[in-house]
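Undergrad: I have a structure here, written as structure tokens, and I will follow up with some questions on it.
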Amino acid sequence: MSKATIKDYEEITEVINRYVQGVSLGKSEVMKPSFYKDATMYGYVQGVGPSEGPIQSLYDIVDQGGPAPNLKGRIDILDLEGTAASARVVLEDAQVVIYTDFHHLLKIDGEWKIISKIFHHHS
């Protein structure tokens, strides 16, 4: 039996919403508090191939890409147990899915942080 609380679900959703908002605004400083300082990112970009590295890579992409005012995100918390959680985030722009992310989170010093992000870029 899971000991996850509604408060945990709400806190995780808030953390991921900051990520989605940062992408939408094209401003990494909005999303940075959601990520652990040593978070990593791995994924697949259509037409390019694998993408990997420190989370700073995501910050650079977001800042260079600029705002995406039509971006919407759907968050599904897949699992939550104690201080560990996993969530799926679907990002759409104008009703077209452009990314599916899987975020792994840890509760560190009482605060949820995204530790890793893996993603698939849809064509």
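Undergrad: So what J values fall out for region 36-53 if you push phi through Karplus, 6.51 cos²θ - 1.76 cosθ + 1.60 with θ = phi - 60°, rounded to Hz, Gly and Pro as x?
TA: 5, 4, 10, 4, 10, 9, 9, x, 10, 10, 4, x, 10, x, x, 10, 8, x
Undergrad: Further question: For the chain, what is the largest minus smallest coordinate of the Cα atoms on each principal axis, given in angstrom and ordered from greatest to least?
TA: Principal-axis extents of the Cα atoms in the chain, largest first: 42, 30, 25 Å.
Undergrad: Post the alpha-carbon centroid distance, region 1-45 to region 66-123, in whole angstrom.
TA: One Cα centre to the other: 6 Å.
Undergrad: Could you derive backbone 3J(HN,Hα) for region 83-88 from the dihedral phi with the Karplus parameters 6.51, -1.76 and 1.60 (θ = phi - 60°), listing whole Hz in sequence and x where the residue is Gly or Pro?
TA: 9, 10, 8, 9, 9, 10
Undergrad: Then there's this: May I ask you to order 48-57, 111-120 by the average number of other C-beta atoms within 10 Å around their residues, highest value first? List each step's numbers first, then the result.
TA: Details: 48-57: 12.1, 111-120: 17.9.
Ranked by mean Cβ neighbours within 10 Å, highest first: 111-120, 48-57.
Undergrad: Label points 7 Å out from Cα along the Cβ direction at Leu106 and Glu52: separation in nm?
TA: 2.0 nm
Undergrad: If you don't mind, another one. For Asp93 paired with Lys27, estimate the spin-label separation in nm (one decimal), with each label point 7 Å from Cα along the Cα-to-Cβ line.
TA: Rounded to a tenth, the inter-label distance reads 1.9 nm.
Undergrad: Specify the angular offset, from 0 to 90 degrees and rounded to the nearest 10, of the alpha carbon long axis of helix 56-65 from the longest principal axis of the alpha carbons in the chain.
TA: 50 degrees
Undergrad: Using θ = phi - 60° and the Karplus form 6.51 cos²θ - 1.76 cosθ + 1.60, what ³J(HN,Hα) does each residue of region 12-22 get, whole Hz, x for Gly and Pro?
TA: Whole-Hz 3J(HN,Hα) from phi for region 12-22: 5, 4, 4, 4, 6, 4, 5, 4, 4, 4, x.
Undergrad: May I pose another question? To the nearest 20 debye, what is the magnitude of the charge dipole of region 6-121 about its Cα centre, counting +1 on the Cβ of each Lys and Arg and -1 on the Cβ of each Asp and Glu? Don't skip to the end; give the middle numbers.
TA: Values: 11 positive and 17 negative charges, 33 e Å.
So the magnitude is around 160 debye.
The numbers here are math on the coordinates, done by the rules we state, and not lab data. What you see is a predicted model; the values in this text were computed from it and never measured. Cβ atoms come from the backbone with ideal geometry, glycine included; neighbour counts cover every protein chain shown.
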